[in-house]
Amino acid sequence: MRKQLLSPFVLFLMFFLYSSTSLAQTPSPAPSGPTNITAILEKAGQFTTLIRLMKSTQEADQINTQLNNSNQGLTVFAPTDNSFSNLKAGALNSLSDQQKVQLVQFHILPSFLSMSNFQTVSNPLRTQAGNSADGEFPLNVTTSGNQVNITTGVNTATVANTIYTDGQLVVYQVDQVLLPLDLFGTAPAPAPAPSKPEKDVPAKAPAGSKEDASVDTSGASIATVSFGAVLIAAISLKI
């Protein structure tokens with residue numbers, strides 16, 4: 001009888017301990033408060049260069065303001081520090097402040113795109129750097145199974161994983177810095193130097209003028225000889 005009473009109690013105790021352990025392993029909810037893109041990237045780690053660019057160009061503030069004051073979604077492609085270190089030496093330092101803004105904006109889409117959305121999205125994608133239809137900031141997506149590739153016209157990056165998503169903002173880690181064609185494409189050929197004005201050159205006589213003059217002279221000579229012959233013949237007849 002005693003054993004029968006202990007069994008339910010033991011089962012209840014085991015269930016209680018298991019539930020407590022499970023709850024302890026569940027990730028704690030994100031801290032309440034406004035969305036902060038740099039805090040998300042700092043928590044993920046390995047995005048120091050991108051964070052610095054976002055802060056120096058004030059794009060981080062604009063992203064946070066947009067997310068916390070509207071319902072518009074955003075998609076952010078986040079290159080790692082290693083991706084930035086693989087750029088050519090001086091690539092970032094050679095950009096003007098405005099070009100750095102465009103570089104950061106090129107990594108932001110003004111809409112929320114889940115991984116499944118990439119399967120059906122229409123190319124080219126519009127980024128916050130500008131309209132891609134003019135060929136300056138083209139961004140195209142291709143998919144192969146679950147792999148998502150992003151092509152810029154200069155290089156191709158692959159979406160590695162999802163860093164953060166809340167239904168309004170989604171941040172994807174990419175394995176390369178997305179290089180806009182307008183900033184990193186082939187430099188246009190320099191415009192040709194203006195031609196120097198030609199010096200005044202005396203007009204040449206038309207081709208064949210000398211020949212014509214020779215023909216005219218020979219013709220006059222023939223006429224003179226013919227007239228002389230006729231004159232001599234007339235004098236002879238009179239004689």
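The values are calculated or read from the model by the stated rules, or taken from the named source; none is laboratory data. Predicted model only: the values in this text are computed from it and were never measured. Cβ: placed from backbone, ideal geometry, glycine included. Neighbour counts: every protein chain shown. Just the protein is used for accessible areas: all its heavy atoms, side chains included, with ligands, DNA and RNA removed. Shrake-Rupley method; radii C 1.70, N 1.55, O 1.52, S 1.80 Å.
When restricted to residues that are in contact with a Ser or Thr (Cβ under 6 Å, 6 or more places away or on another chain) and on the phi > 0 side of the Ramachandran plot, region 97-132 contains 0. Within region 91-113, restricting attention to residues that are in contact (Cβ under 8 Å) with a residue 60 or more places away in the chain and open to solvent by less than 40 Å² (accessible area, probe 1.4 Å), the residue that is farthest from THR162 (Cα to Cα) is LEU95. Test ASN117 against the criterion of being under 16 Å from ASN36 (Cα atoms) and either open to solvent by 40 Å² or more (accessible area, probe 1.4 Å) or without any contact (Cβ under 8 Å) to a residue 24 or more places away in the chain (or both), and give yes or no. In short, no. Scanning region 34-87 for residues that are in contact (Cβ under 8 Å) with a residue 24 or more places away in the chain and of a type in the set (Asp, Glu), which turns out least open to solvent (accessible area, probe 1.4 Å)? The selected residue is GLU59.
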